[in-house]
Amino acid sequence: MSLLDLDPKVVATARRLAAKAAEPVVDIAKAHTTVAVERATLRLAGITGADTTHRAGDIPWVNRVVDTVREHCGLEHGAVLPVFDALARNDIGTLTELAEATAAGQIQYTVPTGAAARRAAKAGRVAIARGLRQVDRNRAQRDKLITKIGDPPQRPWIYLIVATGDIDEDVVQAASAARAGADIIAVIRSTGQSLLDYVPEGATHHGFAGTYATQENFRIMRAAMDEVSKEVGRYIRVTNYASGLCMPEIAVLGGLERLDMMLNDCMYGILFRDINPIRTFVDQRFSRAMHARAGIIINTGEDNYLTTADAVEAAHTVTVSQLLNEHFAHEAGLPNELLGLGHAFEINPDLPESFRMELAHALLARELFPEAPLKWMPPTKHMTGDVFRGHLLDGFFNLAGVLTGQSILLVGMMTEAVVTPWLSDRDLAVANVRYVLNAAGNLSEDFVPARDGYIVKRAHQVLGEAVDLLDRIVDDGLLNAIGDGTFGLMKRPQDKGKGTDGVVSKADGYVNPAIEMLETGATK
Amino acid sequence: MSLLDLDPKVVATARRLAAKAAEPVVDIAKAHTTVAVERATLRLAGITGADTTHRAGDIPWVNRVVDTVREHCGLEHGAVLPVFDALARNDIGTLTELAEATAAGQIQYTVPTGAAARRAAKAGRVAIARGLRQVDRNRAQRDKLITKIGDPPQRPWIYLIVATGDIDEDVVQAASAARAGADIIAVIRSTGQSLLDYVPEGATHHGFAGTYATQENFRIMRAAMDEVSKEVGRYIRVTNYASGLCMPEIAVLGGLERLDMMLNDCMYGILFRDINPIRTFVDQRFSRAMHARAGIIINTGEDNYLTTADAVEAAHTVTVSQLLNEHFAHEAGLPNELLGLGHAFEINPDLPESFRMELAHALLARELFPEAPLKWMPPTKHMTGDVFRGHLLDGFFNLAGVLTGQSILLVGMMTEAVVTPWLSDRDLAVANVRYVLNAAGNLSEDFVPARDGYIVKRAHQVLGEAVDLLDRIVDDGLLNAIGDGTFGLMKRPQDKGKGTDGVVSKADGYVNPAIEMLETGATK
Amino acid sequence: MTKRHVRPYGDATGDGMVQVSFTLPVPHGPRADGAAQQLANKMGIDPAMVVHSHAIGDGFTFFVVYGSVNHIVDLDEVKVVEREYPLLSPAEVNSYVKKSLRRKLIVVGGCIGTDAHTVGIDAILNIKGFAGEKGLEYYRELRVVNLGAQVTVPEIVKRARTEKADAVLVSQVVTQRDAHILNTQEMSAAFREAMGERRPLMIAGGPRFDPLMAPELGVDRVFGRGTTPGEVASYLVHAIKEKV
Amino acid sequence: MTKRHVRPYGDATGDGMVQVSFTLPVPHGPRADGAAQQLANKMGIDPAMVVHSHAIGDGFTFFVVYGSVNHIVDLDEVKVVEREYPLLSPAEVNSYVKKSLRRKLIVVGGCIGTDAHTVGIDAILNIKGFAGEKGLEYYRELRVVNLGAQVTVPEIVKRARTEKADAVLVSQVVTQRDAHILNTQEMSAAFREAMGERRPLMIAGGPRFDPLMAPELGVDRVFGRGTTPGEVASYLVHAIKEKV
Ligand code: B12
Ligand code: B12
Ligand SMILES: Cc1ncc(COP(=O)(O)O)c(C=O)c1O
Ligand SMILES: Cc1ncc(COP(=O)(O)O)c(C=O)c1O
């Protein structure tokens, strides 16, 4: 049922403009590869482990290989051809052995041509298909578990964060959160990981304000939550972060370890981590294709804009970004059911009508993306050390979530402005959510924004501003708009930022069976 | 605008039944007087002060006089005749001098007859008229101040309690509460005062969990709030408690000292202070007539029922009591605008749909009594030492208040289950109210209970149960119903309870010019 | 199995983290924050973060402080009134009373002083009960006389005498100016004075009582917040066993 | 006028009332309540009322405690970094800089380490400013170079050098594992090592910094939560006055 009575023509225009604005960027994304995409491809093909002898610390084998390939023959043709050619030429059994030999300086990479190239491509495809079939099996396994154990009984699903820095403590806290009512557990990453151009290895215990995202940590958490799922009688979803310099690789690891959701935004890395825009768009495209394959729900990061820009003035930038995220996601193969588009309750609570304005924004998102599992993010910017006030604000955030039919509710903590959440913060926060869901969960039945009333007008206004902005972006180019600080007030020129030198123009003969198989859905 | 679509016929039936149930009780009330009514009458006539030499502590002169009258000649004819007769006979100038002489054993009271009676009645009337004109002047003065300084800009008005036990500390806390946003200041009485059969004298500093209600304390608080009113630019209303053994007297004092609201319930004293039912109904009738004259808004006490009975099961008893309170109030001359009928947010918050049920109850009251300044009371019973949860609950209480258009909002405190409110509790509580009013105050525009939805059904159900109960009460008699524990599960037989022996059947020649002048509105 | 020595747990074992809030009669500003910091340090919180402060009027400031408290809780030193008797079912209570007393056990209860909070004592005495447990009236072998609210001490002594009460149960909810303590002491003294050794068992209850306070109050047992009727009934059996 | 010695104020002068909450790694029950009571007593709260407790999982209990703390705050002993310089308007700052330096004052700022919280430093530096005050970029006589987030220490040292910075302003928001302290110390050491006496003025800021920490951090000044750009600009003027 539509409460806002949005004009379908305006909505269609918005989508058309978003597609148009995205088009040149999609072209760029298709025309380039990155070190991370190539590493992700090799990870799918089965490379694992790290060079523990290296003086710079544990460097994953896949980094050693891709860096060496690049050094020897460039990445313009992708890593698959030189790597599988080298495997064949040197008669080495596994990619990991190849990596060891590479580190020992025994391998010389070249781009094969002719039959050698065809052989290498084929061998690569066989290996990658093995990885993809593992991802497919995980997806089937998830479906099976959900059928057997069940989904949460209510919407929105309750999303809780753990962030101890130590995977073992994380497991304890995640289990207790799930028992207390969480449906989704997200492990926050250590600050700074998103700027590492490699994925750390193994189980880790010393993150800063978060725990490193590693394949082993993913495995540990998923296994633990599989146990807890049985205990609590609902499938507990596990989330981690794809965004950052290793977006494609982490997406692969998430698929291999049956994560259920991943933070993946088309612009977050650019805006909030100063990662090069081109790098991000290329990486993002590959990672989303991976998520599509793995049935992983993406969580986009529009909430972040409202921490640096004003939530009222910049409301329409959230809508624009959601439309862009939607387009990029569709383009990469993600269906609506996997689009956890983000938005947030970040209006200054001292503003008159702030709550109604939140409702207007939240409802706009709901009605623009009726099939998407929207992710509703709690107040952070206007949280203060006054934890009593904060707890109240979180309650109203929860209420806005149920009134506007949000799908995934990231639970707000009264200590948001103080510390990373304590055990008791999480417990009180879940009790808050539970009260609101239980006492007022069905109040949406009685929530009917007045025709032409404040809420409806505000929603229409924001949509109108979004269309105007999209119009300007189509004219200026999305990359220029990002460069000008359109989103979150962050100015990010397309030729600057971290990871720029990891971007490579594809040559005509570029080969990447992974991309092909992701596009076609092939399993062999 | 009606949201519940109540059937006007059912509503009319409810009112008719309430009137019928009240009728016999009104007859009883008219047929009796009480020591308190007589004392109130003499207070209007100008008696003040206390016998400080008495060994039992400060006994007000008015008690000495009425007790002696009763001893000497009974109260069946009222106190006015014997007292003004004695004044004339003994050639004494003032009532206070008469009291002193009474205490010294120098006065013999008798019921005058013939010309002496007419003279006494006349003198009494002149004196009482003087008191009533003081009340009238106060009322005019209140109107003038409101015109000049202004009413609160918003509805509901914010009602805050102070309860230090010391009138001087109360003044400090009241001023700070008003500055922080309170529109109404209520001074809680010392526990137990309602069972004192006299009104203490003077400024007091040692109450238990509240401050004694005295004429001087009333004066001090009103004067202080007059100052603060100017400062904050809105007329700060002052409230105190009439209910108890001295209901009529305190009503007089409230009128004389320009209080603006008074707690006055037709059954509170019976149920929660075990005061004799007849005593209460007699006292209540006189006190309400006084409030009507003084333009004082009464606050009824239906909220209390839900602290001893279950708020869901007993919801209809609240409605029944409101209808009875309305009838008794009308009968005593109070117009709708002065009927601060009470109700409360006391449903167990762990119940599914508890918030929507609260909305249903609150809306029912709103639509049944569209002109009454309803008083909306916060959660108390289900508050616990978990102050975070409590603060959240108070926020939802505030929201229910604005969604259903309540008129007077008694501010809930997160420490409800812990201590009488601290300075900081009040401050955080007002901030809570302010957030809700400011952020969601107009959300009622968008609150439209679904036709035949949960809220509407629940409201109709409660109204139906109320009509059924009124029907039974009409059959059994209200006094029997009270005896059976119908209200708040408290069983109070009509011949038991405190203050029973203060009830006196009026003789045929009973004279009370006050009652007459209150009924006719006469000023002379 | 818990260890003997523990510290508060915020986010990790042993971090000692606590949250504190209070108001100081000091105008808002850096000096006030410093004063809050000093108080927190005196409470053993170090480092202490004054994460919030705001003015209440001109002369007061409200603070929220977070930090690590350096005290260690020694669980072996924790004083609690351990329930030294078993929890019995109503049937067990009834059968014991019947066997040992051969008559009904008589309980007189009420709120003394000016306290009018009867919900607590009613929760213990009335059939309806509390937390799913029936109240003492439900027990066939108990005779319950509930005097209700605002009973004076002389009244309850008199009634206990005429009813030949085995136990007197009083409730005290209002604590301002220590009313609950003073009232209970007054009552226990009155019973001792009036009846000496033959006084009934004296039990006090209320949400702000600490069970450790029995000696101070001069009563036999004290029950705090969340007490259930079954606990009280079981205690009664235990106490008459001791007497018999 | 405040008195020298004050106590927390709940409802009356000197009542000492405070609210505390914490979690103990002890299963819920009377023993846990007793443990909470003990901790509260050790914090100086006496009498302490454990007004609420509930289980968090099997092994933890959350408590809310109210009570009177017996410590006394000595206002004369309160340590605060008093602002020893006047608050200047932008015009005053500009005119002083112009007169005394005869060139623009150069400020280099950023978030060091892996910290990506730029809102705080931007609030100080960007024109937009904070709390109604314009940021340092607005000051005609200041030249501001804002390096943004996640700047490494070598980077900021290098840039300060090439820009000939008079002052370096760094922000630190993430405090887990004392990252804010370690990062700032690393930076101040690097500047000392690289530039010795000719190092720029070093200023650190962030919501969890206490201005008293400057010596520990090795910087000249520390600004905490709620800092406004005007305070920082005025300090800059004060500091160059001292140098000149
Ligand atoms: C209901 C209530 C009332 C009702 C009482 C109705 C009635 N007939 O009982 C009414 C509305 C009349 C009322 C009035 C007042 N109340 Co009142 N009231 C409450 C309230 C909301 C709930 C109390 C309650 O019923 N708890 C539920 C019962 C089941 O719990 P309980 O009493 O703790 O009992 C349990 C245990 O303690 C134990 N127990 C208790 N007694 C006994 C006795 C024995 C023998 C045993 C074994 C066990 C036992 O067993 C029970 C079951 O587990 C509390 C706030 C709160 N949420 O706690 C305020 C509260 C108790 N009231 C308070 C006050 C001050 C008053 C008033 C003075 C003024 C006012 N604020 O309204 C008046 C006057 C009362 C008077 N003269 O005593 C304060 C007391 C502050 C203090 N610590 O001193 C409170 C805490 C509210 C506040 N924060 O201001 N109140
Ligand atoms: C906005 C925000 C973000 C944004 C940052 C965007 C950006 N470009 O800055 C985003 C979304 C990217 C983000 C990410 C993360 N954040 Co963050 N974030 C916040 C948030 C909500 C607000 C911070 C803020 O902007 N405050 C407003 C500014 C104006 O205040 P301020 O920083 O205190 O600055 C003032 C003063 O301190 C001072 N000041 C500050 N710096 C300086 C410097 C100088 C020289 C001077 C003079 C003064 C000065 O002046 C300023 C004006 O008064 C806080 C929670 C909160 N409400 O505080 C969490 C918070 C800071 N984040 C936190 C964390 C852990 C993270 C993450 C690691 C994970 C996560 N929870 O999301 C990531 C990774 C960040 C990283 N690598 O650093 C934690 C830190 C916990 C801790 N104490 O260690 C917080 C407290 C949230 C929480 N409870 O978990 N975050
Ligand atoms: C889309 C998205 N990706 C990633 C992150 C976190 O990234 P990082 O690990 O760099 O803090 C966020 C922040 O919450 C986000 O919104
Ligand atoms: C109508 C009414 N009168 C009086 C009171 C208070 O009376 P007392 O002073 O007896 O506690 C209340 C309780 O809040 C009440 O609701």
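The values are calculated or read from the model by the stated rules, or taken from the named source; none is laboratory data. If you're wondering where the values come from, they're calculated on a predicted model, not measured in any experiment. Using ideal geometry, Cβ is built from the backbone for each residue, glycine included, and neighbour counts are taken over all protein chains shown.
Couple of notes before you dig in:
- You will find that of A:Ala315, A:Ala329, the residue that is under 26 Å from A:Gln141 (Cβ atoms), more than 16 Å from ligand 1 (Cβ to nearest atom) and modelled with pLDDT of 95 or more is A:Ala329 and no other.
- Spans of helices (runs of 4 or more DSSP H) in the stretch A:413-524 with at least 3 residues not assigned by TED's automatic domain parsing to the domain that holds A:Gly181: A:454-476, A:478-483, A:513-520
- Scanning the stretch C:32-54 for residues that are surrounded by fewer than 19 Cβ atoms within 10 Å (Cβ to Cβ) and modelled with pLDDT under 95 yields C:Asp46, C:Pro47.
- Any hit, the stretch A:373-395, residues being more than 16 Å from ligand 1 (Cβ to nearest atom), more than 14 Å from chain C (Cβ to nearest Cβ), in a strand (DSSP E or B) and small (Gly, Ala, Ser): no
- Scope the stretch A:172-193; condition more than 9 Å from ligand 3 (Cβ to nearest atom) and in a loop (DSSP other than H, G, I, E, B); matching residues: A:Gly181, A:Ala182, A:Asp183
- Residues of the stretch C:120-147 that are in a loop (DSSP other than H, G, I, E, B) and either surrounded by fewer than 16 Cβ atoms within 10 Å (Cβ to Cβ) or of a type in the set (D, E, K, R) (or both): C:Ile127, C:Lys128, C:Ala131, C:Gly132, C:Lys134, C:Arg140, C:Glu141.
- Scanning the stretch D:68-84 for residues that are assigned to a strand (DSSP E or B) and touching an Asp or Glu at 6+ places or on another chain (Cβ under 7 Å) gives a single hit, D:Ser68.
- Filter result for the condition that a residue is at pLDDT 95 or above, within 16 Å of ligand 2 (Cβ to nearest atom) and buried (at least 24 other Cβ atoms within 10 Å of the Cβ), over A:Ser321, A:Ser287: A:Ser321
- Residue that is nearest to the other protein chains (Cβ to nearest Cβ), among those in the stretch D:164-203 that are near ligand 2 (Cβ under 10 Å from one of its atoms) and closer than 19 Å to D:Ile106 by Cβ: D:Ser171
- Counted residues, the stretch D:15-51 - those being in a helix (DSSP H, G or I) and touching a residue at least 40 places away in the same chain (Cβ under 8 Å): 0
- Any hit, the stretch A:372-394, residues being crowded, with 23+ Cβ neighbours inside 10 Å and of a type in the set (Lys, Arg): yes
- Candidate set: the stretch A:239-262, residues that are without any contact (Cβ under 8 Å) to a residue 60 or more places away in the chain and in a strand (DSSP E or B); chosen: the one farthest from ligand 2 (Cβ to nearest atom): A:Met262
- Residue in the stretch A:247-256 that is more than 12 Å from the chain's Cα centre (by Cα), surrounded by fewer than 24 Cβ atoms within 10 Å (Cβ to Cβ), away from ligand 4 (no atom under 16 Å from the Cβ) and not aliphatic (A, V, I, L, M) present: no
- For C:Ala91, the requirement of being in a loop (DSSP other than H, G, I, E, B), farther than 30 Å from C:Arg4 by Cβ and without any contact (Cβ under 8 Å) to a residue 40 or more places away in the chain is not met.
Rundown of residues vs (1) more than 16 Å from ligand 2 (Cβ to nearest atom); (2) more than 17 Å from B:Thr239 (Cα to Cα); (3) within 14 Å of chain C (Cβ to nearest Cβ); (4) part of a loop (DSSP other than H, G, I, E, B), yes/no style:
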residue: B:Asp310; (1), (2), (3), (4): yes, yes, yes, yes
residue: B:Thr317; (1), (2), (3), (4): yes, yes, no, no
residue: B:His330; (1), (2), (3), (4): yes, yes, no, no
residue: B:Gly333; (1), (2), (3), (4): yes, yes, no, yes
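- Members of the stretch B:215-272 that are closer than 19 Å to B:Asn63 by Cα and either within 14 Å of chain C (Cβ to nearest Cβ) or within 16 Å of ligand 3 (Cβ to nearest atom) (or both): B:Ser243, B:Gly244, B:Leu245
- Filtered by the rule that a residue be buried (at least 20 other Cβ atoms within 10 Å of the Cβ) and more than 7 Å from chain C (Cβ to nearest Cβ), the stretch D:57-80 gives D:Thr61, D:Phe62, D:Phe63, D:Val64, D:Val65, D:Tyr66, D:Gly67.
- Restricting attention to the stretch D:204-238 and to residues that are among the β-branched types (Val, Ile, Thr) and within 14 Å of chain C (Cβ to nearest Cβ), the residue that is surrounded by the fewest Cβ atoms within 10 Å (Cβ to Cβ) turns out to be D:Thr228.
- So D:Asp58, is it within 16 Å of ligand 2 (Cβ to nearest atom) and acidic (Asp, Glu): no
- Residue within the stretch A:306-314 that is crowded, with 23+ Cβ neighbours inside 10 Å, free of Cβ contacts under 8 Å to residues at least 60 places away in the same chain and not β-branched (Val, Ile, Thr) present: no
- Per-region count, the stretch D:96-125, residues more than 9 Å from chain A (Cβ to nearest Cβ) and without any contact (Cβ under 8 Å) to a residue 24 or more places away in the chain: 3
- Filtering the stretch C:81-96 to residues that are exposed (fewer than 14 other Cβ atoms within 10 Å of the Cβ) and polar (S, T, N, Q) leaves only C:Ser89.
- Whichever residue in the stretch B:194-234 is touching a residue at least 60 places away in the same chain (Cβ under 8 Å) and in a helix (DSSP H, G or I) and, among such residues, is surrounded by the most Cβ atoms within 10 Å (Cβ to Cβ): B:Ser194
- Condition check for C:Ala116: assigned to a helix (DSSP H, G or I), closer than 28 Å to D:Ser68 by Cα and within 16 Å of ligand 4 (Cβ to nearest atom): no
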